[in-house]
Amino acid sequence: MYDIKAVYEPSDIRDAIRLLLEHPAAKIIAGGSDVLIHIREGRMAGCELVSIHGLDELRGVSMDEDGTLRIGSLTSFRHITEDPLIRQHIAVLGEAVDLVGGPQIRAIGTIGGNTCNGVTSADSASTLMAWDARIQIDGPEGRRIIPIQDFYLGPGKVDLRPGELQTAILIPEESYEGYAGHYIKYGMRSAMEIATIGCSVNVRLSEDRSHLRDLRIAFGVAGPVPGRAPLTEQRFRGARLTDSLTDKIGSSVLSDVHPRDSWRAARDFREHICSVLARRAFRAAVCGTAEDGSLARFQNS
Ligand SMILES: Cc1cc2nc3c(=O)[nH]c(=O)nc-3n(C[C@H](O)[C@H](O)[C@H](O)COP(=O)(O)OP(=O)(O)OC[C@H]3O[C@@H](n4cnc5c(N)ncnc54)[C@H](O)[C@@H]3O)c2cc1C
C-alpha cells in the first residue's frame, strides 16, 4: 500500500541539505498529509523520503528583534491558530488555517507543506500573499529570502532548487503594523473542502478612519497560483471610505482575476464569487480596524 524505498531522517537543517543532495530523487515529507496520499494512491511508487518531521528548530512562531514575525515551516495549522503572537498581530492567518480540512489535518498539516505544494487552493497562501510574506529557504548555497509572489512558479511548482528546503515564513513589521485583515473561503461545504475561491483582504486606514491608506487583496483559485489584485489595489489606495467603495472594489477585482472552468465550478461562477468575496472581506477588514468593529466611518457617497 505504501511503496517506500527509504526514509532518511536528518539531525538538523544542514544534515537535511546533505541528504537531499545525496539523494536527488528523494522528496521532503513534513506532516505528510499531501505526500502520504500520493504514495497511497501509487503515484510515488518506490520513492525515497527525507523526513524533516523531527527538526524541532523548524517549529513554532517567534518575533525577531526588528518586529518580523517568524513562522517555522514545520508549524502546524493548529499551533498557528492558537499562537499568541499570531492572535495579537495577524489573527486572520490563524482564522484562515483554521478552515483547512478537519481537526486531524490541522493537527498534522504544516504551513511549509501548504506553501511548498504550490497549490492555488492552499488556505494559508492568499493570506500570506496579502501580508507580503517572505519565504526563507536554506540550501547548499546558504540562505535566501524571497517574496512569496516569487516563490510560486506555476501550478504545483515552487522556487526550490536541488538540496533546498523552506525553513520559515517571515512577515515584516511594516506589513502588519496598523493593518487589519479578513479571509473568506468559499467552498461547497463548510468542512473537509478545498476552496472554490479564497479571498484575503488587508486594509490600513488613515488616523481618522475616513480614507484607505493601503489595500492588499489576494485570491486563491482565481488563477493557476495564488495571487494579488494589483490593479484594484492601485486604483483604490488613498480612496475615501464611502458606501459605494465596497461595490467598486468588488467590480474592479474582475480585471485582476483569471479563474478557470473545472468540475468544481464554472469560470463565470468563480468570477462572481471573487467579486462577492472581495466586497465582503474588504468590509470585514475595515470593521476589524475599529475596536468596536463598527462600520460607522463609511460615508454616503
Ligand atoms: C483530507 C484532507 C483535507 C485537506 N483540506 C485542505 C484544505 O481545506 N485546505 C488546504 O489548504 N489544504 C488542505 N489539505 C492539504 C494539506 O493538508 C495541506 O497542503 C498541508 O498543509 C500539507 O502540509 P504537510 O506538512 O502535511 O505537507 P507534506 O504532505 O509533508 O508535504 C507537502 C509538499 O510540500 C513539500 N514540503 C513540505 N515541507 C517542506 C519544506 N519545509 N521545504 C520544502 N518542501 C516541503 C513536500 O515535499 C511535498 O511536496 C487537505 C488534505 C487532506 C488529506
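Please treat every number below as a calculation from the coordinates, not as lab data. Treat the numbers as computed from the prediction; the structure is a model and nothing was measured. Every residue, glycine among them, receives a Cβ derived from its backbone with ideal geometry; neighbour counts consider all protein chains shown.
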Check: In straight Cα distance, which lysines are under 19 Å from K157, not counting same-chain residues fewer than 8 positions off?
Finding: K27
Check: So what are the ³J(HN,Hα) numbers for the range 142-149, from phi and the Karplus equation (6.51, -1.76, 1.60; θ = phi - 60°), rounded to whole Hz, Gly and Pro as x?
Finding: x, 10, 9, 10, 10, x, 4, 4
Next item on the list: Could you work out the local net charge near A195, counting Lys and Arg as +1, Asp and Glu as -1, over the other residues with Cβ closer than 12 Å to its Cβ?
Entry: +2
Next item on the list: Mind ranking 6-13, 115-122, 171-178 by how tightly packed they are, going by the mean number of other C-beta atoms within 10 angstrom, highest first?
Entry: 115-122, 171-178, 6-13
Next item on the list: Note the per residue figure in Å³ for the convex hull of the C-alpha positions in the range 56-174.
Entry: 103
Margin query: Which one, S33, I17, G46, is farthest towards the positive end of the dipole of the range 4-51 when Lys and Arg carry +1 and Asp and Glu -1 on their Cβ?
Written below: G46
Item checked: Value of relative contact order over the chain, rounded to a whole percent, pairs C-alpha under 8 Å and six or more apart -> 15
Notebook entry, point to check: Full extension from R240 to A290: what is 0.36 nm times the residue separation minus their Cα-Cα distance, to one decimal in nm?
Noted result: 16.4 nm
Notebook entry, point to check: Summing +1 for each Lys or Arg and -1 for each Asp or Glu, what net charge is found among the other residues whose Cβ lies under 9 Å from the Cβ of A96?
Noted result: -2
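If r is the Cβ-Cβ distance from D150 to H272 and R0 is 35 Å, what FRET efficiency results, to the nearest 0.05? Working shown, then result.
On the way: r = 30 Å, r/R0 = 0.86.
Efficiency computed from Cβ-Cβ geometry: 0.70.
Can you give me the Rg/Rh ratio for the chain, using Cα atoms for both radii and the Kirkwood formula for Rh? Intermediate values should be presented prior to the final figure.
Working: Rg = 19.7 Å, Rh = 19.9 Å.
Using Cα coordinates only, the ratio equals 0.99.
Determine the relative contact order of the range 178-288: mean sequence separation of Cα pairs under 8 Å and six or more apart, normalised by residue count, in whole percent.
On the way: 218 pairs, mean separation 33.1, N = 111.
After rounding, I find 30 percent.
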